[in-house]
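**Student:** Can you read through this structure? Questions will come right after.
The values are calculated or read from the model by the stated rules, or taken from the named source; none is laboratory data. Since we're looking at a predicted model, the values are computed, not measured. Ideal geometry is used to build each Cβ from the backbone, glycine not excepted, and the neighbour counts take in all protein chains shown.
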Amino acid sequence: MKELVLVIRPEMLEVLKSILDDVHCGGMTVSSVMGCGTQKGVVEGGINEIKGFKMNINLLPKIRVEVVVEDDVVEEIISSVRERMATGHVGDGKIFIRNIDGVVRIRTGERGVKAL
């Protein structure tokens, strides 16, 4: 099993939900977060893009989606996200992939894939 942590543009959440539904993802956790990448929150064409000019860090609104899925759908999800959500502009987001050793459903005690 893998955990995918996707940090995306807020307006792309419905697209991501559709992608995850297509692969029959059993659930997700969604959080509103603020953050920035290497551009320090400066959008393309911003006034702080002068070489040598010390930029302030601007935090931009993002959505963080966490899902745990079976290994065999990870590449399908990544491919669909790239095809349907990439705008080609700075700030499209990131996907972090983590190994999951196990999972237990608290209510029933089921383990592994059955607990997803």
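**Student:** Filtering region 53-107 down to residues that are polar (S, T, N, Q) and surrounded by fewer than 10 Cβ atoms within 10 Å (Cβ to Cβ), which residue is modelled with the lowest pLDDT?
**Tutor:** Filtering region 53-107 for residues that are polar (S, T, N, Q) and surrounded by fewer than 10 Cβ atoms within 10 Å (Cβ to Cβ), the one modelled with the lowest pLDDT comes out as Asn56.
**Student:** Give me the residue from region 87-116 that is in a loop (DSSP other than H, G, I, E, B) and touching a strand residue (DSSP E or B) at 6+ places or on another chain (Cβ under 9 Å) and, out of that set, nearest to Gly35 (Cα to Cα). I'd like the intermediate steps shown before the answer.
**Tutor:** Of all residues in region 87-116, those in a loop (DSSP other than H, G, I, E, B) come to 87-92, 100-103, 105-110, 116.
Within this subset, residues satisfying the condition of being touching a strand residue (DSSP E or B) at 6+ places or on another chain (Cβ under 9 Å) are 91-92, 100, 102-103, 105, 110, 116.
Numbers: Gly91: 10, Asp92: 12, Ile100: 25, Gly102: 30, Val103: 29, Arg105: 32, Glu110: 36, Leu116: 29 Å.
Step by step, filter region 87-116, then rank; the result is Gly91.
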